[in-house]
Amino acid sequence: MSDFQEQIQRSIQDFREYNIRAESAIEKALLKCGQRVERTAKELFKGRDDDSVKGEPPRVDTGRYRASITHSLEKEGNETVVYVGSNVEYA
């Protein structure tokens, strides 16, 4: 193998390694964003003694809805996405 071919092979390998590191960093950043959105969504719920106001987050009754809010990182084809939501029926 010539020097030129070896350089190309090294460059390809370097690019693959860079791509893996970049994807990992992106996934970590997306997870951090998901955690922040989840935390903010939970903080928006009013206290048990506060009145609910139309158009605003509900007041806490049992805490089930608030506790059910989660985030998840998923791969969809070539994309990586973060979902934040709840599986509670009335959410």
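The values are calculated or read from the model by the stated rules, or taken from the named source; none is laboratory data. Just so it is clear, the structure is predicted and the values come from calculations on it, not from any experiment. In this analysis, Cβ positions are derived from the backbone assuming ideal geometry, glycine residues included, and neighbour counts consider all displayed protein chains. SASA here: full protein model, heavy atoms, side chains in, ligands and nucleic acids out. Shrake-Rupley method; radii C 1.70, N 1.55, O 1.52, S 1.80 Å.
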For the range 9-20, Karplus-derived ³J(HN,Hα) couplings (6.51, -1.76, 1.60; θ = phi - 60°; whole Hz; x for glycine and proline) come out as 4, 5, 5, 4, 5, 4, 5, 4, 5, 4, 4, 5
Using the Kirkwood formula on alpha carbons, the hydrodynamic radius of the chain in angstrom works out to 16.6 Å
The simple spin-label model distance between L44 and Q13, using points 7 Å out along Cα→Cβ, in nm, is 4.9 nm
Contour minus Cα-Cα span, A91 to E27, at 0.36 nm per residue, comes to 20.4 nm
So the carbon and sulfur contribution to the accessible area of the range 20-91, 1.4 Å probe, in percent, is 50 percent
Mean accessible area per residue over the chain (1.4 angstrom probe, all protein chains present, square angstrom) is 83 Å²
Expressed in square angstrom to the nearest 10, the accessible area of F15 with a 1.4 Å probe stands at 130 Å²
Probe 1.4 Å, all chains present, heavy atoms only: K75 accessible area in Å², nearest 10, is 120 Å²
For the chain, the count of lysine pairs 8 or more apart or interchain whose alpha-carbon atoms are under 18 Å apart comes to 5
Under 5 Å from the placed amide H of K46, counting only residues 5+ away or on other chains, we find R59, V60
